[in-house]
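Participant: Just dropping this structure here.
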Amino acid sequence: MVVERQRYGIVSGIRADVTRLHVFWMALAFPQLRRTHSVMGRWRPSGRVQRALFRAWSLLGGLALLAGYPLLVLGFGTRFVSRRLDTTATRLGVAGTVVLSTVVWGLLTLIARLRFSAEGFVAVGAASVVAVVSVALAVVFARVGGRGTTVLLAYPAATNALFLPPVVAALYSPTLAGVIFPESATLARWVLDNVLVVGNVNVALRDAFELEGVAYVAMWFALAVPVGWLLGSVVALADAVRPTARRSSHA
């Protein structure tokens with residue numbers, strides 16, 4: 001019975017989200033839909049041409065929702081995580097958050113000192129310093145700015161802080177390399193073949209760079225900005241579609 005209720009709740013939530021988004025989509029081209037008459041009910045198109053345009057726009061909106069709803073689901077998941085991180089950062093403050101991130105990445109640097117070469121230790125230490133600075137910037141940007149500053153600056157900084165040290169450590173750890181590098185190569189191929197096809201940017205990048213060694217670090221450093229923008233945008237979309245009782249400045 002509990003499983004059935006949970007399933008029903010999920011289905012109801014998805015149906016409500018899709019309905020709300022489709023109504024918003026329809027109102028972009030037909031703002032009359034925002035008006036509901038007490039007697040006549042909701043506005044409906046009249047005339048053959050208007051009805052045809054209405055159906056075509058509705059079908060286009062349905063296809064857009066089919067492709068875009070997974071991004072909304074990503075937004076719900078990212079919002080869940082970001083809310084908890086934001087709560088922790090609020091309780092600790094900027095200084096406390098920096099201290100915590102210093103401890104976390106300091107432990108990684110200590111492991112690098114014990115297991116890696118001197119070169120690996122220095123590289124991981126430098127990446128950890130960048131990560132700690134990025135954490136501080138992410139917290140500050142989320143506090144001093146509004147949603148735009150959070151999406152444009154805070155999320156990329158947080159993404160960089162999360163990914164940079166492990167990727168650098170993978171350069172000197174066969175275990176981490178076996179996990180991170182194959183997935184990174186798969187992601188790189190997808191981005192090149194599906195995103196950077198405009199103007200043959202993918203061809204130029206493949207000719208200029210070989211994805212090996214420090215190229216993985218450069219790749220993730222470059223991806224931190226668009227990935228951060230994407231995560232921040234889908235969280236903003238999740239807030240618009242399904243607002244929460246508590247809205248933090250983070251998203």
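The values are calculated or read from the model by the stated rules, or taken from the named source; none is laboratory data. Treat the numbers as computed from the prediction; the structure is a model and nothing was measured. Glycine also receives a Cβ, built like all others from the backbone with ideal geometry; neighbour counts cover every protein chain displayed.
Participant: May I ask you to list the residues in region 9-26 that are exposed (fewer than 13 other Cβ atoms within 10 Å of the Cβ) and either hydrophobic (A, V, I, L, M, F, W, C) or modelled with pLDDT of 75 or more (or both)?
Facilitator: First pass over region 9-26, keeping only residues exposed (fewer than 13 other Cβ atoms within 10 Å of the Cβ): 9-13, 15-16, 19.
Across region 9-26, the qualifying residues are Ile10, Val11, Arg15, Ala16, Thr19.
Participant: In region 114-158, what residues are free of Cβ contacts under 8 Å to residues at least 40 places away in the same chain and among the polar types (S, T, N, Q)?
Facilitator: Ser128, Ser134, Thr149
Participant: Restricted to region 107-133, and to residues that are surrounded by 15 or more Cβ atoms within 10 Å (Cβ to Cβ) and small (Gly, Ala, Ser), which residue is nearest to the chain's Cα centre (by Cα)?
Facilitator: Residue satisfying both the conditions and the ranking: Ala131.
Participant: Hey, can you tell me all the residues within region 83-108 that are in contact (Cβ under 8 Å) with a residue 40 or more places away in the chain, among the polar types (S, T, N, Q) and closer than 16 Å to Pro165 by Cα?
Facilitator: Ser101 - this is the single residue of region 83-108 that is in contact (Cβ under 8 Å) with a residue 40 or more places away in the chain, among the polar types (S, T, N, Q) and closer than 16 Å to Pro165 by Cα.
Participant: Just need a number here: residues in region 39-64 that are modelled with pLDDT under 80, within 38 Å of the chain's Cα centre (by Cα) and not in a loop (DSSP other than H, G, I, E, B).
Facilitator: Here the count works out to 1.
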